[in-house]
Structures are given as structure tokens and as C-alpha cells.
1. Could you calculate the contour length gain from A184 to T255, that is, 0.36 nm times the residue separation minus the distance between their Cα atoms, to one decimal place in nm?
2. Counting other C-beta atoms within 10 Å, and keeping those with at most 15, which DSSP coil trypsin sites (Lys or Arg not before Pro) do you find in the range 236-324?
3. Which order results if L51, L232 are arranged by neighbouring Cβ count within 10 Å, fewest first?
4. Once phi is turned into ³J(HN,Hα) by the Karplus curve 6.51 cos²θ - 1.76 cosθ + 1.60 with θ = phi - 60°, what whole-Hz value does each residue of the range 58-75 show in order, with x for glycine and proline?
5. Which number do you get for Rg(Cα) / (2.2 N^0.38 Å) in the chain?
6. Which angle between 0 and 90 degrees, to the nearest 10, do you get for helix 205-226 versus the longest principal axis of the chain when only C-alpha atoms count?
7. Say R0 is 41 Å: what FRET efficiency, to the nearest 0.05, do L322 and R33 get from their beta-carbon distance?
8. Per residue of the range 110-116, what does 6.51 cos²θ - 1.76 cosθ + 1.60 with θ = phi - 60° give for ³J(HN,Hα)? Whole Hz please, x for Gly and Pro, Karplus curve as stated.
Amino acid sequence: MIYQFPHEAAFLPRTKLSYVNLPGILSDGKRDRSGRVSGYVAIQLGERCYLVFLRNGEPFNSARIQPGSRAPIALSELIRVVSTESERGEGGQIGYYGAPDAQLQAMLATLLHPPAEFGAPIDTTRPDQLFPTLRELRFGGVLELADGGRCHYLSFEDGAFRGGWFCDRDEGKPVGDFLRDEFARAGLRATPYPSFPELPVQAGPGFVDLYRRIVGGVLREVSQTAGRETALGLLRRAQDTAAKQHSCVAAFNVTDEGRISGDPVATPAGLTEGVAAWVTEVLIVASDYHGVDPAATIEKTARDSRFVLAEHGFFQRLPWALAL
């Protein structure tokens, strides 16, 4: 199944993945002012479609869609998967399309939220009843219409239709006529989703890597006092504890060699809170039982990145006074 989504412009029409440098597309906005546009990159690999969303040329979220499932995916993991598939030469297509922020917000609602509960599936053979029902329910959110791999998005507020984005609609054709034709298609599915109040932002690869380095630095510092095996045990037990409240922490991997890897999917604030809780748990135990100075450990580990960490409130989430 080839997935198609609405767009206002095709910056890169669908082409072979092997011809394109995905990291180059995603960093173009940093190099060229003309590349600071909003839209999405769609990568088709067999039945899977990976989507990277960009605002003003900066990637801010990513997701995966395939028959039967859809979910967020860390941008770093997506780039790694696409790179591997491209190197294998197993095909795949890529396209880069321009779209307004409101459309990206609607698309992400259908990828990151579970469907809204309506009590019963929507009968697309009775469109005459659909819109009155949405008005009666005062539905606020996104209605996705899917016809095979073609997706359309309708936005509603308090039951009223506010606008939409449609795949392959002739601009000269009224929206009502277009929808009438779409509802006449066999196999059309209509699925409601709650909307996002604003564009959801995922912590990017650089931000994730920063916290990998912070956790790795804490591990090295604690190892000097408590020994590596003890420090690894502390880190892993603290990870289990912190993950109960912050699921993103569970996505990190701690190897026996002390390497920190993993691709958590979280907002910048959620990732900051999770890592702060993890580090706090480690250092409290290390202080109580192994004589580690928590404040000195953080100061040494975080000094080079202190301005970025301070901007995101990392230090405020720790229980120690720091001299940074």
C-alpha cells in the first residue's frame, strides 16, 4: 500500500530512496533560508510509511504508519532504519511536501492519539447522518477519511466543520462535491481523533544524545568511588524505579560496558523530567551508601552543557544546590 497525504507543494516529488540523502533534507533549513519551510517527508518502505514533520525547516516529530498500526518513532531511529534500508538497496520511495502547520497538527493527531470513542463505527455509507451526528455530539477533533492509502483530514470544533486538507482534490472543485464523491467510494473509512491544542514536539536526536552523555557521565563518576559493577547496578535499579513514573526512561539501554544507548520518544520536558528523576535516584543511593557527593557529580558531569540544561529546567528538578 502506497500512502498519500495532502500537500500544498511538492518540494521533492516521490522518488527512489537510494537517490536521496535524508539527513541532508532534514538539515537543509539550517544551511539555506529557502529551506525553512513547513511540511513533511514521507518514506515508503514496503507496507510501512515513515513520516518526518518539519516546521520552518526544522524536524520536530516523526511517526510510522502501516496496515493495522501507527505509532510515534524517535527521529534518530527513523534515520537509522531508512539508512539501513537504503544501503541494502531494497527499494523504497521518498517525497518531501509542503503543508501548513494546522494540517501537520491534524496528521499528528491521527498518528499519536488513539481514535476517539464514538460508541459505534462511523457508517460512511450514510454521510447525510454523519455531520448531524458530529454536531449533536459537539465533536472537537480530527476526522480522518482513508480510501486505501489516500488520507484526508477534516477539522471540527464544537461539532462544526472548520476546514480540511484533501488528497488529490482539484482546487476548482467545491469541498462539498469532493466529499460527496469520496463518500461514494467503496471501502472508505472515517475515524475520529482528539486534536492537539498545539503542535506536539518530540525531543530531537541531539537532545536525546545530550541526556545519554549526562547519564553516562554520572555512571563514570559514581564508578570511581563505588566501582563499575556497583555503579551499573545502581544505575539499572534506579532506571527501573524512575521508569514507573517516566516511561521514556525505560527506552534507554545500559550495556555491561557502561555505554548508554536507546531512542526514547518524549517531549523535551518529559525527557528532562525522566532523566532528572533517574539521576536523582542514582545519586541519593550513591550518596547514602558509597559516599558520593551528588552536587559535585552533577557539576562535573553537566558543566559543558550547563546552559542548554538550565534552559530546559534540568537543574531545577534536582534536589541539590549547584555551583554552575
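Where a number appears in this text, it was derived from the coordinates with a stated rule and is not lab data. Since the structure is predicted, the reported quantities are computational estimates derived from the model, not experimental observations. Methodologically, a virtual Cβ is constructed for each residue, glycine included, from the backbone with ideal geometry; neighbour enumeration extends over all protein chains shown.
1. Values: separation 71, 0.36 × 71 = 25.56 nm, distance 5.53 nm.
That works out to 20.0 nm of additional length.
2. Details: sites: R236, R237, K244, R259, K300, R303, R306, R317; in loops: K244, R259.
In loop regions of the range 236-324 (DSSP not H, G, I, E or B), the sparsely surrounded trypsin sites (Lys or Arg not before Pro) are K244, R259.
3. With the fewest neighbours first, L51, L232 line up as L232, L51.
4. Result, ordered by residue: 9, x, 10, 6, 7, 7, 10, 9, 7, x, x, 7, 7, 6, x, 9, 5, 4 Hz.
5. 1.18
6. 20
7. FRET efficiency, L322 to R33: 0.60.
8. Going residue by residue, I get 7, 9, 9, 9, x, x, 6 Hz, with x marking Gly and Pro.
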